[in-house]
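In what follows, a single structure is set out as structure tokens and then discussed.
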Amino acid sequence: MEDVILLLAVCTTAFSALLGADAPRQPVVINSFESTADLSVLVPGNARIQPVTQHVTHGRQSLEVQFQPAEWPLVRMMAPAPWNWKDAGGLVLDVTNPGRSSVRFGVRVDDAPTPTDPKRWWQGQGWIAPGARASFVLPFNPDPMSRGMRGLPVTAGLQLLSVGGSPTVDLSRITAFQVFLHQPAEPTTLILDHVRVQDWAGPLEGIVDAFGQYARATWPGKLADASELAARRQAEEADLAANPAPEGLDRFGGCLAGPALKATGFFRVQRVDGRWWLVTPEGHVFFSLGMDCVSHYEGTITTGREELFTWLPGEGDPLARHAGTVAAVIRGPVRQGRTFNFFAANLERKYGPDWLAAWHDVTLRRLPSWGFNTIANWSDHALYGNGRVPYVATVHVGGDHARVSSGVDYWGRMHDPFDPRFAGHAEAAVREIAAKVGDDPWCVGYFVDNELSWGGFGDQAGRTGLALGALAEPADASPAKRAILEQLRTKYGRIEDLNAAWGTSLAGWDALRPAWKPDGPAGEAMQADLRDFVRALARRYFETVRDALRRFAPNHLYLGCRFAWRTEEAVEAAAGLCDVVSFNIYEEKPDPVRWGFVRDLDRPCIIGEFHFGALDRGMFHAGLVAAPDQAGRAAMYADYVRSLLDHPSFVGCHWFQYVDQPLTGRVYDGENYNIGFLDVTDTPYPEMVRAARQVRAEICTRRLAAGK
């Protein structure tokens, strides 16, 4: 996994003398690639490096890195002795993209292992447009998550690399940093220069105004006074009247110009002329353009951070109804205390006492006008059964059944479907949502669970992580452990035969009952057995959920589990048991080579989440895929959707999400991304709306033409 999760980092042998325990607060240059000593500490991996005199930002020359097509091409800078960065604000470097395509790159710093503590790293991701030059910072101090946010306001001229969680790296013993790419399709060049450590964060007091906006900047569309909301509402009403939903569609959004297929009264899937489609209840082909998180629930923590806000409602203020409490968060520091929902407060300011009903109505008019035909995952259950816009149902399986670690447990450990309690919990979760949906023909289908811990891909340890996790549990406590032992005993019978195949020296089958892990890398036979178990676990999981849906929602599609992490075995099982296989794909657009495997699944696929963000409208974090500005964000949206309209396997894609996340971070994990079609004042981003409307006209014409 170490070589699979790389990110960027840079420094030189002079650093120890320049930055010690009493680190200077002024920028300290680490490497400008000027001298032989500067260049001697560079170690390329599947990359070609050379000093050049073009694109210099500091000194007389810079470093050209040509990353070659490979899994993780990189340039690494090694430290002859560990550097002490514990007092550094962040690692900053200048990056120039001389090419004609945008480049997504990573930055990573590593610390030194000890006999009891393995090496750890801290990493971030950046995106740079063709022909652009920018200064990027990998933040150390302050850690944004220490303030409950993924991003903080930065010093002018710097761009924050996208990071998640809090750094665990020991900054007092840094041994290397890297700049890397992931699977470039062709040789890709970046110019690096002026690597330094410096302070990067601006002051935090009073950064949020009364509307939840950044208080220390202005930009087009920023709300200055609540009195402007009435005019904005009126202007949007005129815009929606002038831009109704496209013609040529059935009442569910299906393409009337397409073939007349069997009408079953519910959504289904069918391959037509070699291309997969969803089919509406009236029998017309349908490509799902969806909007995730169509809701008003996201608040932000205020307790312990009161100094961030220029205004919070006092006792007796009617808007105090949008305050709440929180006991804990899922990821990041556990916090307790008060929250406030600026977005909901702005909706009340804008629409009045009946704000929720008014906002639901305008939302159901906005989405078709903008070109969206599906209310997608995580949306307000009050919009189920709306009779105007198709929607998906969202199910999360909870309960106290056993779990299994895959080694990639970002949201938590994987369900253990061999635990008999899992089936009951899956049925209960599906039954609860099915009671709200009923036999509504406007429901496309059900997503069940999200971004589960299936393990990694591209390396064998990640691919078999669930099997290794099961073996690492004691059999008395883990149904999955008992299941893998049964599988092995059925195949081998005698322990001697298992030992011969695996290269082990187990005294008997009972030797595997306690927590166990291989002494070294798994051989070919062990790998095959571990993969077989991952496949069996995946089949048991998908069969259990499918059976629950057949019982309580027999007329609706099973849309899968929205893979983020995945293994080949898990995807194979999903394709065999789901109606649609779903992936959350955060890329500029799905690479046709890397995603070519979906053509062989013999199942339609759908993207449950994608987004792009920018930092030109007062937000602190661009999300998982960054754009240079709002115009760039809109262009990337259009390119992404068009790439899927052209793909024969995909039947839709769903944007994450309807509204920007809170400026100071959503409650449970601090995400504060510019990823909405609306800002916190319920004002649409005009660039995004224009792009969505341009693409909407191509849903039928472009995809139908591609299938002929």
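Tabulated results
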item: Residues satisfying the stated conditions in region 532-551, i.e. touching a residue at least 40 places away in the same chain (Cβ under 8 Å) and crowded, with 18+ Cβ neighbours inside 10 Å; result: F533, V534, A536, L537, A538, R540, Y541, T544, V545, A548, L549
item: Residues within region 660-691 that are over 30 Å from Y410 (Cβ atoms) and assigned to a helix (DSSP H, G or I), tallied; result: 5
item: In region 620-666, the residues that are closer than 22 Å to W595 by Cα, open to solvent by less than 10 Å² (accessible area, probe 1.4 Å) and aromatic (F, W, Y); result: Y637, Y640, F650, W655
item: Residues that are assigned to a loop (DSSP other than H, G, I, E, B), more than 18 Å from T280 (Cβ to Cβ) and either open to solvent by 30 Å² or more (accessible area, probe 1.4 Å) or not aliphatic (A, V, I, L, M) (or both), drawn from region 381-399; result: H396, G398, G399
item: Considering residues of region 150-163 that are closer than 14 Å to G202 by Cα and under 20 Å from the mean Cα position of the chain (by Cα) only, the residue most open to solvent (accessible area, probe 1.4 Å); result: Q159
item: Selection from region 343-390 of residues that are under 16 Å from Y297 (Cβ atoms), under 24 Å from the mean Cα position of the chain (by Cα) and of a type in the set (A, V, I, L, M, F, W, C); result: F343, I375, A376, W378
item: Residues (without any contact (Cβ under 8 Å) to a residue 40 or more places away in the chain, part of a loop (DSSP other than H, G, I, E, B) and not charged (D, E, K, R)) located in region 102-147; result: P113, P115, T116, P118, P130, G131
item: Filtered residue count, region 504-522, keeping only those that are farther than 19 Å from D416 by Cβ and either among the polar types (S, T, N, Q) or surrounded by fewer than 14 Cβ atoms within 10 Å (Cβ to Cβ) (or both); result: 9
item: Residues of region 213-228 satisfying the condition of being closer than 14 Å to K350 by Cα and either touching a helix residue (DSSP H, G or I) at 6+ places or on another chain (Cβ under 7 Å) or part of a loop (DSSP other than H, G, I, E, B) (or both); result: L223, A224, D225, A226, S227
item: From the options A231, A257, residue that is at negative phi and not in a loop (DSSP other than H, G, I, E, B); result: A231
item: Candidates F418, F457, F422 - the one that is at pLDDT 95 or above and assigned to a loop (DSSP other than H, G, I, E, B); result: F418
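This table checks each residue for (1) touching a residue at least 60 places away in the same chain (Cβ under 8 Å); (2) in contact with a Pro (Cβ under 9 Å, 6 or more places away or on another chain); (3) more than 23 Å from V598 (Cβ to Cβ); (4) not polar (S, T, N, Q).
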site	(1), (2), (3), (4)
K262	no, no, yes, yes
G265	yes, yes, yes, yes
V272	yes, yes, no, yes
D292	yes, no, no, yes
S295	yes, no, yes, no
T300	yes, yes, yes, no
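The values are calculated or read from the model by the stated rules, or taken from the named source; none is laboratory data. Because the structure is a prediction, the values reported are computed rather than measured. Note: ideal-geometry Cβ built from the backbone for every residue, glycine included; neighbour counts use all protein chains shown. Surface areas here come from the heavy atoms of the whole protein model, side chains and all, with no ligands, DNA or RNA. Shrake-Rupley method; radii C 1.70, N 1.55, O 1.52, S 1.80 Å.
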